[in-house]
Structures are given as structure tokens and as C-alpha cells.
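Only one structure is covered here, and it is reproduced in the block below.
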Amino acid sequence: MNTEEKQVRVYADGVYDMFHYGHARQLEQCKKLFPNTYLIVGVCSQEDVEKFKGKSVMDGYQRTESVKHCKWADEVIYPAPWIIDEKFLNDHRIDYVAHDDIPYTTADVDDAYALCKKLGKFKATKRTEGISTTDIIGKILKDRHKYLKRNIERGMSRQELGMGLWEYYQLKYDWLFCQRRKRKQD
């Protein structure tokens, strides 16, 4: 069997909250590392995400389902370990672990991928500039009132939106007032 035919098992892991094109591009890079890559994607457990990163928008099931529907993933593991050890690499017959090369400091470890690098089983990927889950959440929070109004217009209750009575009616009636004024102008 020549090298082009040999299947190489590559593992990539992450939180994958609000799965976006930056995540998809990371997985595409992983899939294209070798001519015959079998890509295993690990989605970190909800418990670990909350412990080490904080609250996620999507729960573990939603994050896993999003990754499963990405064309680059051949297999998805949930829950994936926060820190990869040799047993995990051996159990899943992983040839390489792929992630961006910036040391990932977490859980009292200077670099979550140090073991993989030490074993010569690490392949670096590049982050996609201009997109991240943190950026998306920031954008939503910045324009919070626009999104609240949008969802009020679509019939969501103040309870569903986690809003106080005053804020809800302020936004709702401002919207109704604008709608009436718009109809009068037409």
C-alpha cells in the first residue's frame, strides 16, 4: 500500500458552540492534511465547557449535532476529553491531533496539546480571522435591543426572552407605535 492510499486518522477537538464557518474551515484544513484523512472530531462535554470556559449558548447535544452535519467530519466523539492523554490517542488509533499552534493554557496546564507535540503527533491549523463564537455573542449583546424587538415582533413572550415587564412593554409599544406611524404614512 503506498502512502497516498494509507488512511491517516486525524483528531480535532473543540467546544464548537454556535458552529460557524471558522469551525468548518478548521475541520476542512484537518481533512485536507493528508490525501486519505479520516477525521475524528471531539466535542467537549458540557460539564468541561462550563468548568473551563464558562456558559455556552448551545448544549452538548446541539453542539454535537452541528458538528455531525459538517461534511468534513467522518466521526464525532462526545464527550471528548478536555485534555488528551496517550490512552485516548491509542484507544482511537489517532495518528495526529490538529489544532491551531497557539499554546492552549487551560486546567492548570500550560499547553493542552503539549503531549501531542512531544510525541510528534501534532499538526497546526490556522484560525479563521474575523469570526469566533465570542465575536458573535459580542455582536448580539451590542445590538441586544434590536434582537429583542425582532423576537417580540415574532411573538415571543417576555418570559421566553427573560425580560422585565417595563423593558418588554417599552420595546413592544415602541415597535407598535412605529408600525402605526408607518401605516399612516403609507
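The values are calculated or read from the model by the stated rules, or taken from the named source; none is laboratory data. Because the structure is a prediction, the values reported are computed rather than measured. Counting neighbours? That spans all protein chains shown, and the Cβs are built from the backbone with ideal geometry, glycine included. To get the accessible areas, we keep the full protein, side chains included, count just its heavy atoms, and leave off ligands, DNA and RNA. Shrake-Rupley method; radii C 1.70, N 1.55, O 1.52, S 1.80 Å.
Can you report the number of residues in segment 54-74 which are without any contact (Cβ under 8 Å) to a residue 40 or more places away in the chain, open to solvent by 80 Å² or more (accessible area, probe 1.4 Å) and either of a type in the set (Asp, Glu) or assigned to a loop (DSSP other than H, G, I, E, B) (or both)? Adding up the residues that qualify gives 3.
Is it fair to say residue 100 is within 14 Å of residue 123 (Cβ to Cβ) and out of contact with any Cys (no Cβ under 8 Å at 6 or more places or on another chain)? Criteria met by residue 100. Return the residues of segment 85-126 that are part of a loop (DSSP other than H, G, I, E, B) and under 22 Å from residue 25 (Cα atoms); say none if nothing qualifies. Those that are part of a loop (DSSP other than H, G, I, E, B) and under 22 Å from residue 25 (Cα atoms): 94, 95, 101, 102, 103, 104, 112, 113, 121, 126. Looking at 102, 94 in this structure, which one is out of contact with any Ser or Thr (no Cβ under 6 Å at 6 or more places or on another chain), of a type outside the set (Ser, Thr, Tyr) and surrounded by 15 or more Cβ atoms within 10 Å (Cβ to Cβ)? Going through 102, 94 in turn, just one is out of contact with any Ser or Thr (no Cβ under 6 Å at 6 or more places or on another chain), of a type outside the set (Ser, Thr, Tyr) and surrounded by 15 or more Cβ atoms within 10 Å (Cβ to Cβ): 94. Just to be sure, is residue 46 over 18 Å from residue 126 (Cα atoms) and open to solvent by less than 80 Å² (accessible area, probe 1.4 Å)? Spelling it out, residue 46 is indeed over 18 Å from residue 126 (Cα atoms) and open to solvent by less than 80 Å² (accessible area, probe 1.4 Å).
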